[in-house]
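Participant: Would you mind keeping the following structure in view while I ask a few things?
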Amino acid sequence: MATKNLSDYDLNSVPNAKDMKFGIVVAEWNYPITGALAQGAIDTLVKHGAKEENITAKHVPGTFELTLGGQFFAEYTDVDAILLLGCVIQGETRHFDFICQGITEGTTKLNMNYNIPVIFGVLTTDNEQQALDRAGGKLGNKGDEAAMTAIKMVALHNEMR
Ligand code: DLZ
């Protein structure tokens, strides 16, 4: 399936998640947005067969802390995939750049170090409206997309190992 917006996905192309376990780390910064991402992710996991008891969500203060929250899941639990959900909105300082760099590199390192899917579900936008549009607004919900990516990557892992 070639797609630009995974929210418009073909339901049949997503594997069943009934035996999969997921950890979700949610940043509290911009919580109206990250909470919507988390709800979208959970709804999508359940829609594709995941059991609610196999989905664990934890909160961290900001997007910068998502990496360590993800590492805690990887170290201390037996989840099959981890979703990192955050929202960084451009401000007047360079904080945006540093946080985006930190979470991007951190997510990549977790993927490489733990050999399980760690999904980059972070909105990086110029303003709040762009974020709202992507958190259940007119451009879908990137939390749904993170969930589908997680399911697909767990299925690939199970197939190949
Ligand atoms: C400090 C900060 C700023 C300015 N902006 C955001 C943001 O837009 N989104 C977000 O998730 N977090 C932000 N933070 C907080 C940092 O992620 C982090 O929590 C602090 O720098 C403490 O490490």
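Participant: Give the accessible area for Met160 in Å² (nearest 10); use a 1.4 Å probe, count only protein heavy atoms, and leave out ligands, DNA and RNA.
Facilitator: 140 Å²
Participant: What does DSSP give for the chain in terms of the percent of beta bridges that are antiparallel, rounded to the nearest 5?
Facilitator: Among the beta bridges of the chain, antiparallel pairing accounts for roughly 10 percent.
Participant: Continuing with this model, one more query. Mind running the shape call on the range 80-161? Use the C-alpha gyration tensor, a ≥ b ≥ c as the square roots of the eigenvalues: rounded below 1.5 for a/c, prolate if a/b tops b/c, oblate otherwise.
Facilitator: Oblate, because a/c is 1.5 or more while a/b does not exceed b/c.
Participant: Moving to a separate point now. Could you work out [θ]222 nm for the chain from helices alone, using -39500 (n - 2.57) per DSSP H run of at least four and dividing by all its residues? Round to the nearest 500 deg cm²/dmol.
Facilitator: Rounded to the nearest 500, the figure is -15000 deg cm²/dmol.
Participant: Can you pull out the trypsin sites (Lys or Arg not before Pro) in the range 55-137 that DSSP calls coil and that have at most 14 other Cβ atoms within 10 Å?
Facilitator: Arg94
Participant: Sequence gap of 8 or more, or different chains, plus Cα separation below 25 Å: how many lysine pairs satisfy both in the chain?
Facilitator: 28
Participant: Give me the accessible area per residue for the range 19-160, probe 1.4 Å, as a whole number in Å².
Facilitator: Numbers: 7160 Å² over 142 residues.
Using a 1.4 Å probe on heavy atoms only, each residue of the range 19-160 averages 50 Å².
Participant: Can you give the accessible area of Thr77, probe radius 1.4 Å, in Å² rounded to 10?
Facilitator: Surface open to solvent at Thr77 totals about 60 Å².
Participant: Also, I was wondering about something else. What's the carbon and sulfur percent of the range 71-145's accessible surface, probe 1.4 angstrom, rounded to a whole number?
Facilitator: Whole-percent figure for carbon plus sulfur exposure: 48.
Participant: Now, a different point. In the range 67-161, which GluC sites (Glu not before Pro) are in a loop and have at most 16 other Cβ atoms within 10 Å, using DSSP for the loop call?
Facilitator: Those that pass, being in a loop and sparsely packed, are Glu92.
Participant: Sticking with this structure for a sec: Where does the Debye-calculated log10 I(q)/I(0) of the chain sit at q = 0.08, 0.09, 0.11, 0.18 Å⁻¹, using only Cα point scatterers of equal weight, no solvent?
Facilitator: -0.20, -0.26, -0.39, -1.07
The values are calculated or read from the model by the stated rules, or taken from the named source; none is laboratory data. Given the structure is predicted, the values throughout are model-derived calculations rather than measurements. So basically every Cβ, Gly included, is an ideal-geometry build from the backbone, and we count neighbours across all protein chains shown. Each accessible area value is taken on the protein alone, full model and side chains, heavy atoms only, with ligands, DNA and RNA left out. Shrake-Rupley method; radii C 1.70, N 1.55, O 1.52, S 1.80 Å.
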